[in-house]
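In what follows, a structure is listed as structure tokens, so that the remarks can point back to it.
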Amino acid sequence: MKRLEDKIAVITGASTGIGQASAKVLAKEGAHVLALDISDELEKTVDDINQEGGKATAYKVNISQDQQVKDFAEKVKQDYGHIDIIFNNAGVDNGAGRIHEYPVEVFDKIMSVDMRGTFLVTKFLL
Ligand SMILES: NC(=O)c1ccc[n+]([C@@H]2O[C@H](COP(=O)([O-])OP(=O)(O)OC[C@H]3O[C@@H](n4cnc5c(N)ncnc54)[C@H](O)[C@@H]3O)[C@@H](O)[C@H]2O)c1
């Protein structure tokens, strides 16, 4: 028996990078991965997992949008009844920089995805 057999694992930002790699590991350990992202690349991550014998489902959700996250949580409740794991991974590349040079729009975007998005996903799923 795999370590995460029959567990429902939600992971945000699953199209690329750390999120994609983590989604593959979770699926390899037996979890059914509910993969969220805004990018079209998401389908490829999910297809790869399913072709390799894992279980994954794609959800195009912008985690900074209340209604989208709420709708996703409702769907999860209907389709699976519960969740076991949340990995709040999605984030925006901040490009780093000194504060006096840092664009206000970039700061707002990071707050809306990294901070607010994490809050929304956790709140509505719980
Ligand atoms: N890679 C690093 O060195 C590093 C260092 C520190 C922190 N982090 C953090 O780790 C996380 C993953 O990093 P990564 O390098 O794999 O990043 P990445 O840019 O490769 O992946 C982030 C994913 O989040 C998705 N995303 C962005 N906004 C979204 C939104 N509003 N709703 C849903 N999905 C959204 C993107 O489409 C992308 O697929 C990020 O939160 C990042 O800030 C990364």
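The values are calculated or read from the model by the stated rules, or taken from the named source; none is laboratory data. The model shown is predicted, which means the values in this text are computed figures rather than measured ones. Neighbour counts are summed over all protein chains in view; Cβ atoms, including those assigned to glycine, are modelled from backbone coordinates with ideal geometry. Keep in mind that these areas ignore ligands, DNA and RNA; they rest on the heavy atoms of the full protein, side chains included. Shrake-Rupley method; radii C 1.70, N 1.55, O 1.52, S 1.80 Å.
Summed over the residues of the chain and divided among them, the accessible surface reaches 61 Å² per residue at a probe radius of 1.4 Å. Scalar couplings 3J(HN,Hα) for the range 119-126, obtained by applying the Karplus form with A = 6.51, B = -1.76, C = 1.60 to θ = phi - 60°, are 4, 4, 4, 5, 4, 6, 6, 5 Hz; x denotes Gly and Pro. Annotation for the range 29-78: GluC sites (Glu not before Pro) lying in DSSP loop with at most 15 further Cβ atoms inside 10 Å of their Cβ are Glu29, Glu41, Glu52.
Along the chain, counting only trypsin sites (Lys or Arg not before Pro) with a DSSP assignment other than H, G, I, E or B and at most 14 other Cβ atoms inside a 10 Å radius, the longest segment between sites is 4-97. Against the chain, whose longest principal axis is taken from its Cα atoms, helix 17-28 shows a tilt of about 10°. Basic side chains Lys and Arg get +1 at the Cβ, acidic Asp and Glu get -1 at the Cβ, and with that the dipole of the chain about its Cα centre reaches some 360 debye. Using Cα positions and a limit of under 17 Å, work out the lysines in reach of Lys44, with same-chain residues fewer than 8 apart set aside. Reachable lysines: Lys24, Lys28, Lys55, Lys60. Estimated at the nearest 10 Å², the accessible area of His32 is 30 Å² with a 1.4 Å probe. Taking all protein chains as present, what is the carbon and sulfur share of the accessible area of the chain, in % to the nearest whole number, probe 1.4 Å? Using a 1.4 Å probe with all protein chains present, the chain comes out at 53 percent carbon and sulfur.
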